[in-house]
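Structure record follows, encoded as structure tokens.
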Amino acid sequence: MAKIFGTPSPYLRERSIHYLSKSTLIAFGGLAIVYVLAQTLPLYPNKTLGLLVTSIFILAIAIPAYKFYKEDDITSENYYRGRKGESIILEELKKLPDEFRVFCDIKIVPLYNIDFLVVGPTGLFTVEVKSHSGVIGYADEKITINGSVPKEKDFLKQAKAEAKSISEYLEKEIGADHWVSPVLAFSNLGAKMHFGLNPVGGVFVVQKGFLLKVFLENKREAMAKETLLKIENKLDGLII
């Protein structure tokens, strides 16, 4: 089994809990205000006017409260899905042979938070995890999902930038000029693609069932044990 450094998704876990707590507070706060307003209804001399005024106040509070609740609840769910996806991929990475090292949640600069960095005798690999489902394609130098480019990020650009950041870091810190292969791994079994082990726009794009083959069958660079140990010692200090 591969040696694992760090744990996945501390940031995603914190964000998920934050937004879940926030949406829960908004929901209970909105219900409490509605309850208080409803209790004031008997205080109006004119019951019809009282019902109208109370209803207007309740709607004025309930509509934006529900909107904020839904936004935070959806955000929390997205973070949760991302965290679950990373856990699924980590279980796959653990199946790598003993000579491989897996670093979780590596951070080089504020812009790049790398889900996993795999170091082994076949080279260095960054792994960016996505939990999306659907038909994964490639058009106009970008990844598509069900024929459309995802709105949140350019997945390929993100994966290549992360690999480049690791490469530049190692060259600067230990003078190791090694190629780092970017990998885009989809954790959801509902993600369908037909790229095989052929890089797409310079990135390996695979479903979790084919992930290990990327590391085991890569022939780009063979690394000596001494080099692996040197890189391992340097990267251990980057664990978040």
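In the range 139-156, what residues are without any contact (Cβ under 8 Å) to a residue 12 or more places away in the chain and of a type outside the set (Gly, Ala, Ser)? Even if it seems obvious, please write down each step before you answer.
We begin by selecting, within the range 139-156, every residue without any contact (Cβ under 8 Å) to a residue 12 or more places away in the chain; these are 139-140, 144, 148-149, 151-153.
Passing the criteria: ASP140, THR144, VAL149, LYS151, GLU152, LYS153.
GLY201 is checked against (1) over 21 Å from SER87 (Cβ atoms); (2) surrounded by fewer than 16 Cβ atoms within 10 Å (Cβ to Cβ) and fails just one. What number does that condition carry?
Condition not satisfied by GLY201: (2).
Within the range 145-178, restricting attention to residues that are in contact with a Lys or Arg (Cβ under 7 Å, 6 or more places away or on another chain) and under 17 Å from GLY202 (Cα atoms), which residue is most open to solvent (accessible area, probe 1.4 Å)?
So, considering only residues that are in contact with a Lys or Arg (Cβ under 7 Å, 6 or more places away or on another chain) and under 17 Å from GLY202 (Cα atoms), the one most open to solvent (accessible area, probe 1.4 Å) is ASP154.
Just need a number here: residues in the range 114-147 that are assigned to a strand (DSSP E or B) and under 16 Å from PHE186 (Cβ atoms).
The first filter runs over the range 114-147 and keeps only residues assigned to a strand (DSSP E or B), leaving 114-120, 123-130, 134-139, 142-145.
If we keep only those that are under 16 Å from PHE186 (Cβ atoms) too, we end up with 115-116, 125-130, 134-138, 142-145.
Result for the range 114-147: 17.
Identify all residues within the range 179-189 that are open to solvent by less than 30 Å² (accessible area, probe 1.4 Å) and more than 15 Å from GLY123 (Cα to Cα); write none if there are none.
Filtering the range 179-189 for residues open to solvent by less than 30 Å² (accessible area, probe 1.4 Å) gives 180-187.
Result: LEU184, ALA185, PHE186, SER187.
Just checking, which of PHE125, PHE116 is open to solvent by less than 10 Å² (accessible area, probe 1.4 Å), more than 13 Å from LYS208 (Cβ to Cβ) and either among the charged types (D, E, K, R) or at pLDDT 85 or above (or both)? Walk me through it before giving the result.
Values: PHE116 fails: more than 13 Å from LYS208 (Cβ to Cβ).
Result: PHE125 is the single residue among PHE125, PHE116 that is open to solvent by less than 10 Å² (accessible area, probe 1.4 Å), more than 13 Å from LYS208 (Cβ to Cβ) and either among the charged types (D, E, K, R) or at pLDDT 85 or above (or both).
Every residue, every condition in (1) assigned to a helix (DSSP H, G or I); (2) at pLDDT 85 or above; (3) over 20 Å from the mean Cα position of the chain (by Cα), yes or no:
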| residue | (1), (2), (3) |
| --- | --- |
| ILE166 | yes, yes, no |
| ASN188 | no, yes, no |
| VAL205 | no, yes, no |
| PHE215 | yes, yes, yes |
| LYS219 | no, no, yes |
| LEU229 | yes, no, yes |
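Of all residues being modelled with pLDDT under 90 and of a type in the set (S, T, N, Q) in the range 128-157, which is farthest from the chain's Cα centre (by Cα)? Just the residue, please.
Once the filter is applied, the top-ranked residue is SER148.
What are the pairs, 6+ residues apart or on separate chains, where a residue within the range 75-93 that is modelled with pLDDT of 85 or more has its Cβ under 8 Å from a residue that is among the basic types (Lys, Arg) and in a helix (DSSP H, G or I)?
Once the first residue is modelled with pLDDT of 85 or more and sits in the range 75-93, its partners that are among the basic types (Lys, Arg) and in a helix (DSSP H, G or I) give ILE88/LYS208; ILE89/LYS208; GLU92/LYS208.
The values are calculated or read from the model by the stated rules, or taken from the named source; none is laboratory data. Just so we're clear, the structure is a prediction, and the values are computed from it rather than from any experiment. Neighbour counts run over all protein chains shown; Cβ positions are idealised from the backbone, glycine included. Calculation scope for accessible area: heavy atoms of the full protein, side chains included, ligands and nucleic acids excluded. Shrake-Rupley method; radii C 1.70, N 1.55, O 1.52, S 1.80 Å.
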